[in-house]
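Here the structure is laid out as structure tokens; the discussion comes afterwards.
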Amino acid sequence: MSWCSSEDALNNSSTPSSRSRKSSWLISKVDENEVDKEVAEMMDDWKRRRRENSDGGETTTTNQMECIQAALDYCRSQLKQLLIDENESGESGEIEKKSKPINIISPNSEQVEEEDQLGNLVNCLNRQQKAVRQQMYFDKIVQLGLERQAIQDEAGGPAHSADECRAEGHEFVMQPVRGGHNPCCEVCMHTIWRLVQWWRRCRVCGMRAHDKCAEDVKRVCAGVLSTRSKFELNINLCEERSLAEQEYQCAECSAPICFDGTAEQEARLCDYSGELFCPNCHWNDTWSIPARIIHNLDATPRPICRAVKQLLSIELRRVNELRRNFLLMKCYFVSCRAARRLRILQYLQTHSHFVDNHVMYSLKELRELCEGTLLPELEQIHTVFRKHIEEECETCAGNGFFCELCDESCIVDKKEKILYPFTENTRSCATCLAVYHKKCFERKSLNCPRCERRRKRSELPKTLSSSDEKETVATN
């Protein structure tokens, strides 16, 4: 038992009143279930009001989602209020220290010291209790977010009212709560906490943003620029522009930049355009510059801004996707007699290393990619390969898959469609290579029924052998 909660220590104290007050403050702790009880009562009140308004209707998935959303809003408001109170108390404490008058008459030093210790102890405990409540509210927000994601997976639909948002040509799609690292919002430049914040990603250029920031984006989607009729990659070496030519402003957002200022105003060069950008528009990403590949045969990655990286990655992403599909199609052609008789892989004779990996490029291919002639050639070859597998060859078509995760909410034509590893919007199991619809696979929490069947079959002989051993021992 601690000294502060000991009865003997309190009785032997010279100032029992002050000591007892100290001990009462120390032993008063925040109940671990206080926030849980508070949120549970709030959700019960919400459900009761909903039943009264709906004349006792049954609880549906929509009502559960709305109830969880109301609880999330409540926890966020309480957490925000605690943070505001903490900031205000800190500012008021600093002002009080600065404006505190000097006491000319010297009082009893022991009494002043006792009062100061008691006041500091009370303030310290208040801050600790508020910090504990903040953590409890934050944990509750994470828990409610996971519950909402689980309901969304079971329902098979988006938990948010608008699954897609369009702004400046971007096609922002809502992203799931589960995932790896927490990305950075390219609009407000703050971290996206996946468990507690909704966030979106552009399906075309890959730009990431908070749900609340998606409509405030200023950068035009790189996919819109690349699809314009007169669009061409810059294949000329650009001269570096000076700060004076840019009027000491970022080339994209017009924020003030300089070389000798703070880190937020650092001027960063984009080697593709020769312009200077601020740190918000230039993250020191590196990429091979098309003009240097063509003129100098130099593929060394150099710093570029975010907009240029998204523009260059669109072209390269499509080529990499085609090359990955070639590797998957190769597995079909190797086991197909008709494909071997037709020597269908000879279409890639000029790019023979494409059937070995999808990451190596020759300088000639990089030059063709910059000039825009490589992608149309690969798309034609991809069409020939796909037509052979899906339409012309029964052997290859018979190696397709049906999605085993489709439920009643899926369209009939979607259920009956044969899937292949190179089909759009599909996911393959990393273990057994079975193919499913992407949304169906994510809705079932990435569980593969084919792997589950194999696991059960592998366990069956073990159970049979163990039962046979028991029967043998019993007969003996």
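The values are calculated or read from the model by the stated rules, or taken from the named source; none is laboratory data. Quantities reported herein were computed from a predicted structural model and do not represent experimental measurements. With ideal geometry, Cβ positions are generated from the backbone for all residues, glycine too; neighbour counts draw on all protein chains shown. These accessible areas exclude ligands, DNA and RNA; they are computed on the full protein's heavy atoms, side chains included. Shrake-Rupley method; radii C 1.70, N 1.55, O 1.52, S 1.80 Å.
Selection of region 318-341 for residues being open to solvent by 10 Å² or more (accessible area, probe 1.4 Å), in a helix (DSSP H, G or I) and in contact (Cβ under 8 Å) with a residue 12 or more places away in the chain yields Arg318, Asn320, Arg324, Asn325, Leu327, Leu328, Lys330, Tyr332, Arg337, Ala338.
Condition check ((1) over 23 Å from Cys370 (Cα atoms); (2) outside any loop (DSSP other than H, G, I, E, B)) across all residues:
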site	(1), (2)
Leu225	no, yes
Arg228	no, no
Ser242	yes, no
Ala251	yes, no
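Among the residues making up region 197-223, those that are crowded, with 16+ Cβ neighbours inside 10 Å, among the aliphatic types (A, V, I, L, M) and not in a strand (DSSP E or B) are Val204, Met207, Ala214, Val217, Ala222. Do the conditions hold for Leu243, that is, is it open to solvent by less than 20 Å² (accessible area, probe 1.4 Å) and more than 27 Å from the chain's Cα centre (by Cα)? Yes, satisfied. Contact map, region 32-49: first residue among the aromatic types (Phe, Trp, Tyr), second residue at pLDDT 80 or above and part of a helix (DSSP H, G or I), Cβ cut-off under 6 Å, separation 6 or more or different chains; pairs are Trp46/Cys67; Trp46/Ala70. When region 170-196 is filtered for residues that are within 21 Å of Cys221 (Cα to Cα), open to solvent by 40 Å² or more (accessible area, probe 1.4 Å) and not in a strand (DSSP E or B), the ones remaining, listed by number, are Gln175, Val187, Cys188, Met189, His190.
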